[in-house]
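The values are calculated or read from the model by the stated rules, or taken from the named source; none is laboratory data. All values reported here derive from a predicted model rather than from experimental measurement. We place every Cβ from the backbone using ideal geometry, glycine too, and count neighbours over all the protein chains shown.
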There are 2 protein chains.
Amino acid sequence: MPFDALRALLGPRFSTGASDRALHGRSEAHFPEMAPDAVVWPETTKEVSQILRLCTAHRVPVIGWGTGTSLEGHALAPHGGVCVDFSRMNRVLHVAPEDMRATVQPGVTREALNTELRATGLFFPVDPGANASLGGMAATRASGTTAVRYGTMRANVLALEVVLADGRIIRTGSAAPKSSTGYDLTALFIGSEGTLGLMTELTLRLQGQPEAITAAICAFPDMGSAVETVIATIQSGIPMARIEFIDAANVRAFNAWSGTGMQECPHLMVEFHGSATGVREQAASFGEIVTEMGGGAFQWADRPEDRGRLWKMRHDGYYAARALHPDAHPITTDICVPISRLAEAVEETARDIADSGIPGPILGHVGDGNFHALLLPHRDRPDEIARAKALANAMAERALRLGGTVSGEHGIGMGKLGYMEAEHGLAWDVMGSVKAALDPLGIMNPGKLVRPV
Amino acid sequence: MPFDALRALLGPRFSTGASDRALHGRSEAHFPEMAPDAVVWPETTKEVSQILRLCTAHRVPVIGWGTGTSLEGHALAPHGGVCVDFSRMNRVLHVAPEDMRATVQPGVTREALNTELRATGLFFPVDPGANASLGGMAATRASGTTAVRYGTMRANVLALEVVLADGRIIRTGSAAPKSSTGYDLTALFIGSEGTLGLMTELTLRLQGQPEAITAAICAFPDMGSAVETVIATIQSGIPMARIEFIDAANVRAFNAWSGTGMQECPHLMVEFHGSATGVREQAASFGEIVTEMGGGAFQWADRPEDRGRLWKMRHDGYYAARALHPDAHPITTDICVPISRLAEAVEETARDIADSGIPGPILGHVGDGNFHALLLPHRDRPDEIARAKALANAMAERALRLGGTVSGEHGIGMGKLGYMEAEHGLAWDVMGSVKAALDPLGIMNPGKLVRPV
């Protein structure tokens with residue numbers, strides 16, 4: 001281990017302390033602790049490069065760390081090594097409002113960026129719920145509630161600075177809105193989960209604050225009518241800014257968590273962005289579909305604080321459901337299917353969960369065909385845990401059978417590694433070849449995404 | 001050369017005839033003829049796989065061929081080898097209107113696809129002008145007039161089937177609208193110019209035909225006011241479907257080519273997509289900017305046939321300019337800069353061209369910061385050709401200095417290879433490593449995109 005050299009380089013920003021290591025060996029999901037051997041807090045790209053050179057020289061694993069909010073164990077250290085915590089690389093380096101672009105260090109969180117952007121009339125739209133770091137969001141190709149309108153991180157990162165395993169610093173992309181000059185390395189690094197290099201700068205595409213925003217929630221008599229409303233809405237081309245499904249179990253959890261008195265039935269939560277007229281038009285078109293499908297009246301959230309409350313409730317879904325089942329061993333799921341197969345996917349999943357008797361509230365970014373069941377078997381009942389895992393497996397297999405993917409937005413990490421062969425076949429080998437080309441010693445986040453060597 | 005085996009496999013769909021070879025050794029741009037040793041016309045993915053296995057076994061270069069409309073010599077055969085012409089793999093395999101998705105073979109042209117889609121109310125938006133094959137468009141990451149609204153090929157390809165150099169057949173992506181499962185191989189192949197594998201199936205994202213479309217052209221007193229109008233329009237967030245700049249020299253060429261009587265000054269050609277009200281709103285907002293910048297009245301093209309004429313004129317820009325200078329050695333350029341630097345980029349370029357005395361009409365997809373000067377030195381005057389090349393060089397250097405890229409949409413091929421080091425630095429080496437990992441023998445379109453070995 002290159003610990004003396006790292007200490008000499010970083011001083012107090014190098015630690016092998018037990019609490020620092022433990023903190024960086026845990027995640028929000030239910031993986032056992034897997035701690036790194038050391039944690040470093042670089043402040044510059046040059047330091048990241050020096051760290052990687054040292055780790056390459058000693059063949060030591062390197063794991064990037066943003067805010068620790070990933071759900072598939074991306075930042076755990078099953079092989080030990082050095083955890084590179086980006087929390088001190090948290091500066092917004094440059095905002096170019098005239099080009100609707102910002103360049104940030106990877107440790108900047110999405111909320112910090114949006115706070116900094118407030119005066120410009122611009123915002124960064126990708127919103128996975130957690131106040132994740134932008135580096136982490138790019139590394140996992142995060143998306144969330146607004147992807148239906150603004151796309152995932154794939155569509156919203158223009159350029160990167162990346163440090164490779166051997167310490168070389170490269171720049172991908174440019175500040176131009178498009179380019180046709182060679183392999184799309186920006187896209188290659190987005191979603192690579194720290195297995196190909198560490199991002200040290202991100203140039204992001206920003207959006208203008210819409211002239212008008214309005215949000216609403218509406219109740220449905222059953223799951224089928226809510227999901228059919230989503231399908232019809234997307235197929236009709238209404239440019240929804242958000243369209244989220246929550247089932248009755250979630251509503252129950254929300255009511256308990258935040259004292260709301262919502263009717264315990266499936267709901268859709270929606271948001272419209274546009275001109276004042278445009279938003280009215282969109283809401284009217286959506287309203288017609290809702291009525292046709294038997295949905296109830298909208299409860300509008302026009303004021304920013306009301307909208308804030310609405311989306312905070314949605315984002316707290318995970319915590320609300322966990323609070324209702326404090327003794328659970330939570331298992332997250334994240335399948336994504338073509339919109340035409342959404343009803344099938346949600347309804348089969350709901351039926352399986354009901355049959356199992358295990359709590360499993362369903363919610364999701366249904367406009368993208370993406371939804372989550374949070375399976376909550378009791379932590380002391382191994383048979384329940386095993387059945388919950390079987391349910392999660394069945395969901396993944398269902399997604400593949402319906403032409404979809406086992407992860408819409410959470411990524412692979414350690415949790416979904418077992419599905420890569422089934423989803424990608426030989427293409428998974430190609431990912432392994434790309435990995436070997438860029439990280440021949442296999443020091444970058446080993447045990448994640450590619451086939452274990 | 002594996003000619004006997006290829007003949008046995010393909011029968012009359014294998015040719016070493018001089019005219020077939022010559023036809024596949026030429027392009028629309030001004031490169032000398034570089035013919036392959038043989039041409040094959042596969043009809044199935046399996047045949048493509050067999051062809052690649054044979055070429056790998058004999059270490060023979062393989063070059064993909066769509067419609068031959070690329071502008072940077074992508075499909076020329078400087079090292080000979082086998083040209084794989086996809087014109088017989090031209091079936092639309094599946095249209096899923098409910099998911100706004102179509103799966104096509106690579107030889108389907110964009111016009112053929114849009115003709116087939118007419119009854120569905122959907123269309124494929126990417127429009128590079130030429131009636132290129134969709135495989136070729138994906139391979140070069142094409143864009144064109146509508147990218148400002150709908151994105152380039154990068155945003156509009158969901159999934160691929162690709163045959164690798166060694167004959168392995170892989171599938172990338174899925175039919176789901178998004179995914180977070182591993183490296184974005186789809187994005188890696190888009191823009192890879194046939195250097196990593198051959199695409200044999202493409203799943204494309206479709207768009208709903210807008211409820212209302214209207215197009216217009218308007219005149220400006222000078223280049224500066226037209227370009228400033230574009231910048232203000234993009235910055236104001238009006239969701240333009242197209243916004244194209246043409247300079248006075250182009251208008252002169254159009255008038256001569258198609259008998260129009262347009263005022264010989266800079267123009268913008270625009271199109272709005274949306275609801276009837278939305279289109280009116282957009283046009284009104286745009287009109288305010290035009291007036292403020294001193295532009296003239298709009299000439300509207302509301303009827304489909306008028307719009308067709310308008311965009312045909314734009315797409316014929318290259319031919320119109322060449323027709324006006326039949327003795328020219330045409331040199332195309334394709335720089336793309338951040339929108340805030342567009343005025344600088346266009347005006348410096350125009351000044352250089354004026355100073356040179358060489359004809360060089362300017363037009364482009366200015367909403368993306370992308371424009372082309374078509375330099376037209378006389379083919380018999382080597383000094384003019386040399387000065388035109390110096391102008392093209394100066395444009396590329398200007399693009400890089402302004403934070404942009406040397407190619408917005410035409411790609412690298414052979415023509416832009418000399419700028420890759422300057423634009424990408426060490427990242428170009430990384431492209432070379434990826435290439436070596438997927439095509440270790442270097443048989444896939446050698447001499448293009450990556451550093452020559």
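Every test in (1) over 21 Å from the mean Cα position of the chain (by Cα); (2) away from every other protein chain (no Cβ under 14 Å); (3) farther than 30 Å from B:ARG168 by Cα is passed by A:SER340 save one, and that test is (2).
For every residue, the table says whether it meets (1) at pLDDT 95 or above; (2) within 9 Å of chain A (Cβ to nearest Cβ); (3) more than 17 Å from B:ASP85 (Cα to Cα).
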position: B:SER133; (1), (2), (3): yes, no, no
position: B:MET137; (1), (2), (3): yes, no, no
position: B:THR146; (1), (2), (3): yes, no, yes
position: B:ARG149; (1), (2), (3): yes, no, yes
position: B:ARG154; (1), (2), (3): yes, yes, yes
position: B:ALA165; (1), (2), (3): yes, no, no
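Among the numbered conditions (1) under 20 Å from the mean Cα position of the chain (by Cα); (2) away from chain A (no Cβ under 14 Å), the only one that B:GLY364 does not meet is (2).
Here is a yes/no grid of residues against (1) among the hydroxyl-bearing types (Ser, Thr, Tyr); (2) at the interface with chain B (Cβ under 7 Å from one of its Cβ atoms); (3) on the phi < 0 side of the Ramachandran plot:
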site	(1), (2), (3)
A:ILE170	no, yes, yes
A:SER180	yes, yes, yes
A:ASP184	no, yes, yes
A:PHE189	no, no, yes
A:LEU198	no, no, yes
A:GLN207	no, no, yes
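Does any residue of the range B:221-235 turn out to be facing chain A (nearest Cβ under 7 Å) and within 30 Å of B:GLU292 (Cβ to Cβ)?
Quick first cut of the range B:221-235, residues facing chain A (nearest Cβ under 7 Å) only: B:235.
Among the residues that remain, those that are also within 30 Å of B:GLU292 (Cβ to Cβ) are: B:235.
Within the range B:221-235, one or more residues are facing chain A (nearest Cβ under 7 Å) and within 30 Å of B:GLU292 (Cβ to Cβ).
Scanning the range A:208-245 for residues that are within 18 Å of B:GLY278 (Cβ to Cβ) and acidic (Asp, Glu) yields a total of 1. Of the residues making up the range A:3-35, those that are under 18 Å from A:THR67 (Cα atoms) and basic (Lys, Arg) are A:ARG13, A:ARG21, A:ARG26. Note on the range B:178-205: residues that are closer than 23 Å to B:THR69 by Cβ and among the basic types (Lys, Arg) total 1.
The rows are residues; the columns are (1) more than 30 Å from B:MET240 (Cα to Cα); (2) of a type outside the set (A, V, I, L, M); (3) part of a strand (DSSP E or B); (4) more than 12 Å from the chain's Cα centre (by Cα).
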{"site": "B:GLY73", "(1), (2), (3), (4)": "yes, yes, no, yes"}
{"site": "B:ALA77", "(1), (2), (3), (4)": "yes, no, no, yes"}
{"site": "B:GLY135", "(1), (2), (3), (4)": "no, yes, no, no"}
{"site": "B:VAL148", "(1), (2), (3), (4)": "no, no, no, yes"}
{"site": "B:GLU161", "(1), (2), (3), (4)": "yes, yes, yes, yes"}
{"site": "B:PRO177", "(1), (2), (3), (4)": "no, yes, no, yes"}
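Do you know which of the residues in the range A:79-99 that are in a helix (DSSP H, G or I) and in contact (Cβ under 8 Å) with a residue 12 or more places away in the chain is nearest to the other protein chains (Cβ to nearest Cβ)? Full working, then the answer.
If we filter the range A:79-99 for residues that are in a helix (DSSP H, G or I), which is where we start, we get A:86-88, A:97-99.
Going one step further and asking which of them are in contact (Cβ under 8 Å) with a residue 12 or more places away in the chain, we end up with A:86-88, A:97, A:99.
Details: A:PHE86: 20, A:SER87: 23, A:ARG88: 25, A:PRO97: 8, A:ASP99: 4 Å.
Ranking the qualifying residues of the range A:79-99, first place goes to A:ASP99.
Say we look at the range A:238-279 and pick out the residues that are farther than 18 Å from A:ASN370 by Cα and of a type in the set (D, E, K, R); which of these is surrounded by the most Cβ atoms within 10 Å (Cβ to Cβ)? Taking the candidates together, the pick is A:ARG252. Of the residues making up the range A:14-37, those that are closer than 20 Å to A:GLY107 by Cβ and touching a Lys or Arg at 6+ places or on another chain (Cβ under 7 Å) are A:PHE14, A:PRO36.
Residue by residue, here is whether (1) farther than 19 Å from B:LEU310 by Cα; (2) more than 11 Å from every other protein chain (Cβ to nearest Cβ) holds:
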{"position": "B:PRO106", "(1), (2)": "yes, yes"}
{"position": "B:GLU111", "(1), (2)": "no, yes"}
{"position": "B:GLY121", "(1), (2)": "yes, no"}
{"position": "B:VAL162", "(1), (2)": "yes, no"}
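Elements of the type helices (runs of 4 or more DSSP H) sitting completely within the range B:1-60 and holding at least 2 residues that are surrounded by 15 or more Cβ atoms within 10 Å (Cβ to Cβ) and touching a Gly at 6+ places or on another chain (Cβ under 9 Å): these cover B:45-57. Every condition in (1) assigned by TED's automatic domain parsing to the domain that holds B:LEU160; (2) surrounded by fewer than 22 Cβ atoms within 10 Å (Cβ to Cβ); (3) in contact (Cβ under 8 Å) with a residue 12 or more places away in the chain; (4) not in a helix (DSSP H, G or I) holds for B:ALA102 except the one numbered (2). Within the range B:105-145, the set of residues being crowded, with 24+ Cβ neighbours inside 10 Å and hydroxyl-bearing (Ser, Thr, Tyr) comprises B:SER133, B:THR140, B:SER143, B:THR145.
Just one of the listed residues (A:ASP99, A:ASP37, A:ASP20, A:ASP85) is of a type outside the set (A, V, I, L, M), within 17 Å of A:ALA130 (Cβ to Cβ) and either out of contact with any Cys (no Cβ under 7 Å at 6 or more places or on another chain) or modelled with pLDDT of 95 or more (or both), namely A:ASP85. All of B:LEU164, B:LEU196 fail the test of being surrounded by 24 or more Cβ atoms within 10 Å (Cβ to Cβ) and under 23 Å from A:ARG451 (Cα atoms), apart from B:LEU196. Does B:HIS74 qualify as being outside the structural domain of B:GLU193 (by TED's automatic domain parsing) and either crowded, with 22+ Cβ neighbours inside 10 Å or polar (S, T, N, Q) (or both)? Yes: the conditions hold for B:HIS74. Screening B:SER27 on (1) within 21 Å of B:ILE190 (Cβ to Cβ); (2) at pLDDT 95 or above shows it passes everything except condition (2). For the range A:261-272, the criterion of being within 14 Å of another protein chain (Cβ to nearest Cβ), more than 27 Å from the chain's Cα centre (by Cα), of a type outside the set (Asp, Glu) and farther than 29 Å from A:ARG351 by Cα is met by none of the residues.
Here the range A:394-453 is the region considered, the condition is being facing chain B (nearest Cβ under 10 Å) and polar (S, T, N, Q), and the residue that is surrounded by the fewest Cβ atoms within 10 Å (Cβ to Cβ) is A:SER433. Annotation for the range A:43-52: no member residue is without any contact (Cβ under 8 Å) to a residue 60 or more places away in the chain, in contact with an Asp or Glu (Cβ under 8 Å, 6 or more places away or on another chain) and either within 20 Å of A:GLY447 (Cα to Cα) or of a type in the set (Lys, Arg) (or both).
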